[in-house]
Every structure is written in C-alpha cells, then in structure tokens.
Amino acid sequence: MPDTDVLLGRFPKAAFSHLPTPLAAMSNLGRELGYSNLFVKRDDLTGLGMGGNKARQLEYYFGAALAEDADTVLITGAVQSNFVRQCAAAARKLGLDCEIQLENRVGGMPEGQEKVGNYLLDRLLGVKVHHFPIGEDEAAADANLEAIAAGIRARGGRPYVIHLGAEHAPLGALGYVDCAREIIADVDRLGLALGAIVTASGSAITHTGLLTGLRLFGNEAPVFGVCVRRKSDIQSPRVLKRCRDLEAMLGAGAVVADSDVWTSDAYLAGGYGKAGTETLAAIETGARLETLILDPVYTAKAFAGLIGMARQGALPKNGAVVFVHTGGGPGLFAYAHLWAPAA
Ligand SMILES: *Cc1c(COP(=O)(O)O)cnc(C)c1O
C-alpha cells in the first residue's frame, strides 16, 4: 500500500472545518427498515457558515490559493449553491476577497423564493455577486469566471478560480480521501467493519474522494452513489474519469476498478433541484426518525436511496452502512413552498 500521508502531504491545505465530524447510529430508522447497522457521518456539521461537504473540499482549494498568494477567490454555482456559500465563508475566515457567479440552474422557483437560504447567507457574508443566465453549461460558466478573473488581474489583483468543469484537477476530492480515512477509523473504534457507504453523487467530487480513499487505504467496501444531477449513464463515467484524474494527481497508480463505480438514478426525481414525492417523504422521515435536516436537492435524494436500497434488501447486513450527510440544510428554506401551509 502507498504511504498515504506522503501522498496527501504534498497538497497544501487550509484548516477551517470542524473535524472529525461525528458518526452517529440511526437506530430508529434501522428499526423501521429491519437493519441494525445504519450510521450517519455528520458532514452537515463541518462548520464554516452552516456546514456541509464543501468545507472539506475547500480546505484544499484554499490551500492552493494561499500557496500561490491569491487575494481573491472566484467560484460558480446554482443560486442555492452550498459550495458557493461555504466558499464565501472560507474566504471571509481567511481574510480573502471572494466573487461568486450564480447560475440559473433550476427553473420554476416561485418569485422571491431564490432570495432566501444560501443566497441570503451569500449576501450576509458580503461577497461580490455576478449573475450568469445559463445553468447547464459548465464550460461556459467556467469561461465567464475566467473573464471575471482576467478583469481582476488587469486591475492588479491575484485571483484564484475554483472551476466547475471535469477537465480540471479534482483537488477537492482530497477532502473526501481524508473523510474516507475518518470513516474507517470511526467504524474501527466501534469494533465494526465497514459494510458500505451511501452518498449523493453530484459533481462527483465527494463520491470520487470516498471511493478512491477507501481503496487507497486498502478497504474494499462499496460506495453507493445516488445521482442528484445526471442520469447514471452519464454520471458513472464521470465518477470513473474523476477517480482516474485523482489517481493521476496523487501519483498512486490505479486503485479503483471500473466495476467499483456504482451509481443509481432511481431517486433523481425530475432532475437537478426538482423534488419528487419520495424526496419529500425522505425529508420527513429523516426529521421525524433521526432529527436529520435534509434538503430536496441533494441529501433527501441520497437518503431516499438509502431507504429504497434497504427496502430492497440491497444493503449489507454485516458491518456498518454509513450514510454521508453532506449538508444542504440552508437550501431547504428555499423549498418551503413544497409543503402545504400549516393549518
Ligand atoms: C454539492 C453537494 C453535494 C454533492 O457533492 P459533489 O461533491 O458535488 O458530488 C451533496 N450534498 C450537498 C448538500 C451539496 O452541497
């Protein structure tokens, strides 16, 4: 096995997350589903402006930004992006400027509804906001971000761009290699083996880091990726490509097998940012059984996947099944209209 401390230690890292996050038993849910081995990794509690999975990813992007003496960090995402909100928070914490580009990725939101949740937090954090009218063109979003960066450079600034597109090095996935190591240690402390990990799979950075991390540390447990943005026929190749990119970045050789990549789009509902009845049911189940606050865009779909697979008997009964709660709580408030007003 490669010396992972040496592999990871080559990448500069900023520290601002609350780590390690807790691993908690989900015994109420487990009783309901007939499983005694369900756990949740509380990555909604990473801190940094209300938490979420982007904190771990941003530690490496900001590490790189600081190493090259950047003074402004640029990022693009949906109006209700948790990534953008946590990036703004990280920049504030480290005393850097931050400019964010918000894409219209989700149509059909009620007037004013997009102004709450993450967007409100972005404004409170006081970062510069750019609007980008297109929502499904990663290359165009990145190109526009580069144009903004060029403007900053022309004024004598030192911008650092966090790209969206899958042709850029998956630096943030290192944060989920760290998380894979934490999960292995968490279950080890409980005297358990790791049975499986269940996570949302969006840009695929989290999925890629967890899967590659497990294999780097010699663990063969499956990682079940629940699609939140794209169908499996697009998402699985994307995950595999990102794993190969991460392996190349680490210089560790191939550790992930093609057959290790598993995604399901059965819980995608109407697509990115669209909630189905199963999505809303998962939010209520999470709240009522485990006091987990889930969001309709990401974590409720992943949780619906966990529940669906448990009902089909598709989860291992031996070892710990770890659901990664990737955060997203602030985004929930932009979707209050999906519930009928209380009587
Ligand atoms: C971004 C995000 C995800 C998806 O993570 P990726 O690394 O983009 O696949 C899942 N959950 C929440 C809450 C997110 O903000």
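For a quick check, take a GNM of the chain with Cα springs below 10 Å and name the residue from Gln101, Gln312, Gln113 with the largest mean-square fluctuation.
Checking each option, the largest mean-square fluctuation is seen for Gln312.
Go ahead and set up a Gaussian network model of the chain, Cα springs under 10 Å, then flag whichever of Gly213, Gly308, Gly191 fluctuates most.
Gly191
Positive end of the charge dipole of the range 70-157 (Lys, Arg +1 and Asp, Glu -1 on Cβ, about the Cα centre): tell me which of Ala141, Gly77, Gly117 has its Cα farthest that way.
Gly117
Per 0.36 nm of contour for each residue apart, how much would the distance between Asp5 and Asp71 grow if the chain were fully extended, relative to their Cα-Cα spacing?
20.9 nm
Please report the antiparallel percentage of DSSP beta bridges with both residues in the chain, rounded to the nearest 5.
On the way: 3 of 36 bridges.
Of the beta bridges lying entirely in the chain, close to 10 percent run antiparallel.
Once you've got the GNM for the chain with C-alpha springs shorter than 10 Å, pick whichever of Gly209, Gly286, Gly225 has the biggest mean-square fluctuation.
For the chain, modelled as a Gaussian network with Cα springs under 10 Å, the answer is Gly286.
Hey, what number do you get for the chain at 222 nm if only DSSP H runs of n ≥ 4 count, each worth -39500 (n - 2.57), divided across all residues, to the nearest 500? Show your work: numbers first, answer last.
Working: 12 runs with 145 residues, N = 343.
Estimated from H runs of four or more residues: -13000 deg cm²/dmol.
Could you state the number of Å between the C-alpha centres of the range 1-78 and the range 278-295?
22 Å
Based on the Cα gyration tensor of the chain, what are the three equivalent ellipsoid semi-axes, each the root of five times an eigenvalue, rounded to whole Å and given largest first?
30, 25, 17
Measure off, as a whole percent, the carbon and sulfur share of the 1.4 Å-probe accessible area of the chain, all protein chains present. Intermediate results must be reported in sequence, preceding the final value.
On the way: 7390 of 13530 Å².
Accessible surface attributable to carbon and sulfur in the chain totals 55 percent.
Residues of the range 70-157: accessible area per residue at 1.4 Å, in Å²?
The answer is 43 Å² per residue.
In the calculated pair distance distribution of the range 46-105, what percentage of Cα-Cα distances lie above 12 Å?
63 percent
Let me check against my output: what whole-number percent is the relative contact order of the range 70-157, with C-alpha pairs under 8 Å and at least 6 apart?
On the way: 113 pairs, mean separation 30.2, N = 88.
Reported as a whole number, the value is 34 percent.
Roughly how big is the chain's charge dipole about its Cα centre, with Cβ charges of +1 (Lys, Arg) and -1 (Asp, Glu), in debye to the nearest 20? Mind showing how you got there, number by number?
Working: 32 positive and 36 negative charges, 86 e Å.
Dipole about the Cα centre, nearest 20: 420 debye.
Calculate, for Glu167 and Ser259, the FRET efficiency according to 1/(1 + (r/R0)^6) with r their C-beta to C-beta distance and R0 30 Å; round to the nearest 0.05.
0.75
Under a crude label model (7 Å from the Cα following the beta-carbon direction), how far is Asp188 from Lys93 in nanometres?
With each label point 7 Å from Cα toward Cβ, the separation is 2.6 nm.
Can you give the Kirkwood hydrodynamic radius of the range 70-157 from its Cα pairs, in Å with one decimal?
Values: mean 1/r = 0.0752 Å⁻¹.
Roughly 13.3 Å, rounded to one decimal.
Over all pairs of distinct alpha carbons, what does the Kirkwood formula give as the hydrodynamic radius of the range 93-238, in Å? Let's see the in-between values first.
Details: mean 1/r = 0.0554 Å⁻¹.
With all distinct Cα pairs of the range 93-238 included, I get 18.1 Å.
The values are calculated or read from the model by the stated rules, or taken from the named source; none is laboratory data. Given the structure is predicted, the values throughout are model-derived calculations rather than measurements. With ideal geometry, Cβ positions are generated from the backbone for all residues, glycine too; neighbour counts draw on all protein chains shown. All accessible areas refer to the heavy atoms of the entire protein, side chains included, with ligands and DNA or RNA removed. Shrake-Rupley method; radii C 1.70, N 1.55, O 1.52, S 1.80 Å.
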